[in-house]
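K.L.:
My questions will all concern the structure given below.
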């Protein structure tokens, strides 16, 4: 273990000291830390360790979406970092900065067009989050534009985006669209520069997760933010934190960039914790919130208020869940017990492991039941991609969905191990 991993300053605040990391991942954590001590920690610890595998550091940074933060942290430590690594990091940083500027320009084009058609919108994540939370458009990696609109405006907004040259990733009939607007949460669009470049959203997560955000309320509570000198509508700090926590939970926190977003919000935004706790309790996502906060605190040194610390003491399941998540975090492993030490009582397939995690992340029995029922019986794009039925037979999609879920549970052993290499992000998209 690196000196950073074993130093009292780095480890004393962690609630799950039995989880150990490689020196490469510890270095990455130091680069993503929000306590302002990155350069000091790096100069005196892991960064000066000759045994650091810098190629592995690069691979981890790329997977976790934190290459810009890695470059920002180590660019002044040329005597400790191989010249070829610094050159590669600089190239990746510059490429990311140029790409983000193009995304920002395209965001303005889409927002202007939506506004011209009288459609209110809120950019979510992407350029807005980069400037608001990181303070620099170049310091966050993203590959698409997420834009929230009110549900009644979705079809008009979809037409506007198509007129700008984007094509939906899946073409739906009018009947299918009516159903999808009630059960789905986003439209993805391909563009000339690649696939899935724009996501038009009227929800934060699919309906089956049973986290029923009211996007209409987001617009009522919206604030102003700046992107490249331009004022745009943005989520309130409290809504932003809750949305980021739920999004990270949906993907089992397997990428460090999502935790860094949360830690950045805690560091940069003025938050009303009474409002956050009330909304989290109403939505039944307090455990998702607290797991996210504890991970951000223990891994990235995000500061927590005394009020939050007190709340964490009343739910011991939070610490247990954090430990499990952390064991899979360094390499972004699928939440799959077959790839771990074989924890007792855990399911034997990636799908069931993920399902079991989502169940334990809900504190109310009613939410667990709603998640289970909706997961089984709510058709999604996956079913429409598999088979196209006439409107009179749409009820059969529930059967198709149930059959697809059964295949995820009872895969042959050889297929199950192939699935074990699938990321949680791919699992949530392909399975659901």
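The values are calculated or read from the model by the stated rules, or taken from the named source; none is laboratory data. Note that this is a predicted model, so its numbers are computed, not measured. So basically every Cβ, Gly included, is an ideal-geometry build from the backbone, and we count neighbours across all protein chains shown.
K.L.:
Identify, please: which residue in the stretch 71-84 is in contact with a helix residue (DSSP H, G or I) (Cβ under 6 Å, 6 or more places away or on another chain) and buried (at least 18 other Cβ atoms within 10 Å of the Cβ) and is, among those, modelled with the lowest pLDDT?
P.N.:
Ranking the candidates gives 81 first.
K.L.:
Further question: Give just the number: which of (1) at pLDDT below 95; (2) within 18 Å of residue 139 (Cβ to Cβ); (3) in a helix (DSSP H, G or I) does residue 24 not satisfy?
P.N.:
(2)
K.L.:
Going by the conditions given, is residue 68 assigned to a helix (DSSP H, G or I) and surrounded by fewer than 17 Cβ atoms within 10 Å (Cβ to Cβ)?
P.N.:
On the way: assigned to a helix (DSSP H, G or I): yes; surrounded by fewer than 17 Cβ atoms within 10 Å (Cβ to Cβ): no.
No; evaluated as a whole, the condition is false for this residue.
K.L.:
Here's a follow-up. Counting just the residues of the stretch 282-328 that are in a loop (DSSP other than H, G, I, E, B), touching a helix residue (DSSP H, G or I) at 6+ places or on another chain (Cβ under 9 Å) and modelled with pLDDT under 90, which one comes out nearest to residue 26 (Cα to Cα)?
P.N.:
It comes out as 305.
K.L.:
Something else about it: Touching a residue at least 24 places away in the same chain (Cβ under 8 Å), buried (at least 21 other Cβ atoms within 10 Å of the Cβ) and within 17 Å of residue 260 (Cβ to Cβ), is that true of residue 130?
P.N.:
yes
K.L.:
Would you confirm whether or not the stretch 88-111 contains a residue that is surrounded by 14 or more Cβ atoms within 10 Å (Cβ to Cβ), in contact with a helix residue (DSSP H, G or I) (Cβ under 6 Å, 6 or more places away or on another chain) and outside any helix (DSSP H, G or I)?
P.N.:
Checking the stretch 88-111: not a single residue is surrounded by 14 or more Cβ atoms within 10 Å (Cβ to Cβ), in contact with a helix residue (DSSP H, G or I) (Cβ under 6 Å, 6 or more places away or on another chain) and outside any helix (DSSP H, G or I).
K.L.:
Now a separate question. What about residue 335, is it touching a helix residue (DSSP H, G or I) at 6+ places or on another chain (Cβ under 8 Å) and at pLDDT below 85?
P.N.:
Judged against the criteria, residue 335 is a match.
K.L.:
Being over 24 Å from residue 264 (Cα atoms), out of contact with any strand residue (DSSP E or B) (no Cβ under 9 Å at 6 or more places or on another chain) and in contact (Cβ under 8 Å) with a residue 40 or more places away in the chain is true for just one of 213, 208. Which residue is that?
P.N.:
So the residue among 213, 208 that is over 24 Å from residue 264 (Cα atoms), out of contact with any strand residue (DSSP E or B) (no Cβ under 9 Å at 6 or more places or on another chain) and in contact (Cβ under 8 Å) with a residue 40 or more places away in the chain is 208.
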